[in-house]
Amino acid sequence: MRLFQLYCATWLTLACVRQSQAEPNTCTIQCQVLLDREIPGSPTVVVDKTPEVCGTNVTDALLTGNGRAVKDAVIFLEFKDMPASSRPPKTTNESVFVRTEGCLFWPRIQAARAGATLLLNSKDPTPHNPHGWHRNITAFNLTLLDPTMSFHRKLKMPGMYRIDCDTHKWMKAYVFAFDHPYFALTDENGRASITNVSNQRFTVNVWHEVLGEKRVELGPMQTAVTNVVFVFPLEDKRKADLKPVYSREWPPR
């Protein structure tokens, strides 16, 4: 009897060890995005339209965060082989907004599920023309004459929507639409987490308006939580036509 009890105890111990060493079904990806130096001050744009409303000291806060930490970087996952059963159904009741205020778009960077509704409105007493682009094709082109006007548009397709103002060329905003829930924006400490990730092979991507993109392939993971750190050099990777005219050279050398 004692021999039988000893056998059972040994089997249970081995089973627990094997279970603890098994790959988890889901995992959490914790990311941090850093600059290779302290974040420089934001540039000031040259205001060439309606300075009586916009003023002459419009700050283009396109690279922000604490110390070296990069805020508003978009983190998202791409799967090589994600089973359909693990892909949650699309939600259609989500909404985001872009507002013109002080001759800038706010918020500048957002991420949502494909099918979300975008609300566009204004607080400025001057006309703005939000022009939305999806894969270099016009998704919408609107005129906000004053704060009494607003528009709703559906983000039907996944991908990046860039919003320009056809009147004030320095105004930019970006809304990412995803057909899965595995995305996040970094906070002021450069951190973002993506939870309940199907534990298989996938790519972690980071996008920033100025710093560009990086990616790393991971999985399957042996632990429930994995930390990923991206470090960018201070370099403006934007195309020339997306760079406003600044009063001084930016980024500083």
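At-a-glance table
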{"item": "Unmet requirement for His168, which otherwise passes all of (1) outside any strand (DSSP E or B); (2) in contact (Cβ under 8 Å) with a residue 12 or more places away in the chain; (3) surrounded by fewer than 20 Cβ atoms within 10 Å (Cβ to Cβ)", "result": "(3)"}
{"item": "Selected residue (only one of Phe140, Phe79, Phe97 is at pLDDT below 95 and surrounded by 14 or more Cβ atoms within 10 Å (Cβ to Cβ))", "result": "Phe79"}
{"item": "Checking Lys156 against (1) surrounded by 14 or more Cβ atoms within 10 Å (Cβ to Cβ); (2) of a type in the set (Lys, Arg); (3) at pLDDT below 95; (4) over 25 Å from Ala192 (Cβ atoms), the condition it does not meet", "result": "(1)"}
{"item": "The stretch 168-191: number of residues that are in contact with a Leu (Cβ under 8 Å, 6 or more places away or on another chain) and farther than 21 Å from Val98 by Cβ", "result": "3"}
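The values are calculated or read from the model by the stated rules, or taken from the named source; none is laboratory data. Predicted model, so just to flag it, every value in this text is computed and none were measured. Methodologically, a virtual Cβ is constructed for each residue, glycine included, from the backbone with ideal geometry; neighbour enumeration extends over all protein chains shown.
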